[in-house]
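See below for the structure under consideration.
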Amino acid sequence: MNRTLRSLVLTGLCVSAASVQAQQWEALPEKPPIPAENPQTDAKVALGKILFFDPRLSEHGTLSCNSCHNVMAGGDDNRPNSIGMHDARGGRSAPTVWNAAYQSVQFWDGRAATLEEQAKGPITNPIEMGMSDAAVAMERLKSIPDYLPLFKTAFPGTNDPLTMDNVANAIAAYERTLVTPNTPFDRYVRGDKTALTEQQVRGMQTFADLGCTACHSGANFSGPAMPTGVGFFMKFPTFAGSEYDKKYALLDDTGRHVATGKEEDKHMWRVPTLRNVALTAPYFHNGQVPTLEEAVQVMAKTQLNKTIEPAQLKDVVAFLTSLGGDFPAQTMPRLPMTTGVSIVPAVDPHLSSTPVGH
């Protein structure tokens, strides 16, 4: 990163349209980076999709990856906090899985370097899918006979393909197909000047003029391209002290600091993508901001120390809607089944008795 851009990122200062016009607008590549150690294959992607939708990877067989990252919609669950096992609530909002493959680190705090690493976390997290450990999760899958041939096909030449590492490899391979490159914005950048409305073009310019591209740059609007495992982080709020700090509890969570324990990481966050942002309300790491319009105003004040004018607000929101793409068709997979027996608990062991239905 050059010194000028780094200065802009660290200070949150406004940049002029002229200074960024040559480099800020990038169409999303058709395919995300694919790691050499986990190449894409049709069999691996198909297995990953099945695992992504299989709720039996959760303690009580009630939650799948798709429960919080709904690929039939915006890739999240449109909740401030997702509902985990035993009705638990996490402290952060589920980020969208769409276009996550273009990010160099995962989770709001960037604690996972890859999609593979991220995929392992929720399965054994007690307030997410709740499996007690990886071994228990794998015994669950091994008790479903039809999973083994799927793993053998996806990971040929392996003596024991049914491992947690391969579960994560397969899920990550599927997630790398969850991309939306053909947005009106992308078509405009590639030369179709009819792809955006006049208001969206104004909003695009206003977005740059205000200084939003100091953080939300690059093809994924999540910062400049970084090596895998190296995150692009920004302090939020950069300008503390506004009414929004208390109204939306912006300072309650110290962000990356929770993962690293480092003082310099307090309130540092991975810059999230703005692609499909109109579909992922409520907003920010804690899901406290209910509308996109309000989110833009909060960002202007907390990150740029500016009060955005009503006309500017409408234009920027219109531009952000142009970042919604064509979603690849998703069909529900048929899950491998057991015959004559259930492998999930019939009763929640944390309840004193079986609840009566109605």
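None of the figures in this text is laboratory data; all of them are computed from the coordinates on show. For clarity, every value in this text was computed on a predicted model and none was experimentally measured. Here the Cβ is made from the backbone with ideal geometry for all residues, glycine too, and neighbour counts use every protein chain on show.
Miscellaneous remarks
- Peptide packing for 124-136, 215-227 was compared via the average number of neighbouring C-beta atoms within 10 Å per residue; ordered from the highest value, the list is 215-227, 124-136.
- Principal axis dimensions, the chain - Cα atoms, whole angstrom, descending: 66, 45, 42
- Amide H contacts of Val289 (H built 1.01 Å from N, under 5 Å, at least 5 apart or other chain): Tyr283
- Sites Ala43 and Thr194 - FRET efficiency at Förster radius 41 Å, r taken between beta-carbons, to 0.05: 0.50
- Set of region 140-156 residues, backbone N closer than 20 Å to the point 7 Å along the Cα-Cβ line of Met337: 140-151
- For region 178-269: relative contact order, % (alpha-carbon pairs under 8 angstrom, 6 or more apart): 15
- Charge sum, other residues only, whose C-beta stays under 13 Å from Ala281's C-beta, Lys/Arg counted +1 and Asp/Glu -1: -3
- Working note: 222 nm ellipticity from helices only, DSSP H runs with n ≥ 4, each -39,500 (n - 2.57), summed and divided by the residues of the chain, gives -9000 deg cm²/dmol to the nearest 500.
- Estimated dipole of region 121-265 in Debye, rounded to 20 [Cβ of Lys and Arg +1, of Asp and Glu -1, Cα centre]: 440
- Remark: region 313-322, residue by residue, has Karplus-estimated 3J(HN,Hα) of 4, 4, 5, 5, 4, 4, 4, 4, 5, 6 Hz, where x stands for each Gly or Pro and the curve is 6.51 cos²θ - 1.76 cosθ + 1.60 at θ = phi - 60°.
- FRET efficiency for the Ala88 to Glu139 pair, using the beta carbon distance and R₀ = 35 Å, is estimated at 0.95.
- Backbone amide hydrogens, once placed in the peptide plane, bring Ala112 within less than 5 Å of Gln106, excluding anything fewer than 5 places away on its chain.
- Backbone phi angles across region 165-182, fed through the Karplus curve with coefficients 6.51, -1.76 and 1.60 (θ = phi - 60°), yield HN-Hα couplings of 4, 6, 4, 5, 4, 5, 4, 4, 4, 5, 5, 6, 8, 8, 10, 10, x, 9 Hz in residue order; Gly and Pro are listed as x.
- Estimated vicinal HN-Hα couplings, Hz - region 223-238 in sequence order (Karplus 6.51, -1.76, 1.60; Gly, Pro = x): x, x, 4, 10, x, 4, x, 10, x, 10, 10, 9, 6, 9, x, 6
- Greater than 24 Å apart at Cα, pairs in Lys235/Lys306; Lys49/Lys235; Lys49/Lys142; Lys193/Lys301; Lys49/Lys266; Lys31/Lys152: Lys49/Lys235; Lys193/Lys301; Lys49/Lys266; Lys31/Lys152
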